[in-house]
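Taken together, the values in this text are just the output of simple stated rules run on the coordinates, not laboratory data. Because the structure is a prediction, the values reported are computed rather than measured. All Cβ positions, even for glycine, are placed from backbone atoms using ideal geometry, and neighbour counts span all protein chains on display.
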């Protein structure tokens, strides 16, 4: 599924069993909301949570926020019914947890199509296990419905038996593999959560690292972190201005029959213009929110 430039700077998890939280989500400045039927919901509350999530989406009022429904795995008692319900719910995307194979993606796609899902309903995958990361290349090409990946770094750290450090060096190989597969297939990719809500400096560092690595945004567990994520993953005014100078200068050079031009002391080629156009398009999409 082709991804247009869409802001995904901040994507907030919301428990599907908490109607009040989902109501509040209509007013939060997050780019996206993950209405969660999996980890955030106790087993005996899952059927009720499914009904609450469907009612929340049907009620509307979320504006341009991207709505994900994180379903339970197909190997659980609730996953199949979750997919059936999400197929025609009106959500933007279905998020599959702990995806470890391309077959899982294809199976979910088949269920969604059989349940009457429109082509515009995207399928996203959580990457949160070593097996999922080892198979990410095949997963990324498993379905035309695939829209992107969400990193599950907490579960990944547990399975790797590694430390969840500020610099996340123990997970850098896994993050890199996911990014490579996503970009090779034109998919979006959102970074994992930062668990320490009292560590503002650590959160800022994690966002900066995510931007530098190439993530589109960050998943969040509390509304108070939305603004910081939005700032970190949005182009700065300086970046926007520089991008516009690159686009203009290259256009002038092309009109004069030149393939390259120097802007702000740096050599600019077509590849830099493509990147500049993406920055400008992202800034415009952010402003429309």
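The figures follow:
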quantity: Cα-based convex hull volume of region 25-103 per residue, rounded to whole Å³; calculated: 100
quantity: Rounded tilt (10° steps) of 270-288 against the dominant C-alpha axis of the chain; calculated: 50
quantity: Percent antiparallel among DSSP beta bridges (both partners in the chain, rounded to 5); calculated: 10
quantity: Candidates 107, 252, 209, ranked by Gaussian network fluctuation over the chain, Cα under 10 Å, top entry; calculated: 252
quantity: Descending Cα extents along the principal axes, the chain, whole Å; calculated: 67, 42, 38
quantity: Simple label model, 7 Å out from Cα along Cβ direction - residue 154 to residue 284, nm; calculated: 3.8
quantity: Cβ-Cβ FRET estimate between residue 115 and residue 236, R0 fixed at 45 Å, reported to 0.05; calculated: 0.55
quantity: For the chain, built as a Gaussian network whose Cα springs stay under 10 Å, the top-fluctuating residue of 84, 37, 220; calculated: 84
quantity: Gain in span if fully extended, residue 173 to residue 277, counting 0.36 nm per residue against the direct Cα distance; calculated: 34.5 nm
quantity: Rounded, prolate or oblate (a/c below 1.5 giving rounded, otherwise prolate when a/b exceeds b/c) for region 237-288 by Cα gyration tensor; calculated: prolate
quantity: P(r) tail fraction, region 78-125 - alpha-carbon pairs more than 18 Å apart, %; calculated: 16
quantity: Most fluctuating residue given options 36, 216, 199, as computed from a GNM of the chain linking Cα atoms under 10 Å; calculated: 199
quantity: Sum of -39500 (n - 2.57) over DSSP H runs of 4+, divided by residues of the chain (222 nm, nearest 500); calculated: -14000 deg cm²/dmol
quantity: Extension reserve of the residue 162-residue 39 stretch, reckoned as 0.36 nm per residue once the Cα distance is removed; calculated: 42.2 nm
quantity: At R0 = 45 Å, FRET efficiency that the Cβ-Cβ distance of residue 137 and residue 20 yields, to 0.05; calculated: 0.65
quantity: Region 178-258: mean projected area of Cα convex hull, nm²; calculated: 7.1
quantity: Distance (nanometres) between label positions extended 7 Å along Cα→Cβ at residue 224 and residue 48; calculated: 2.8
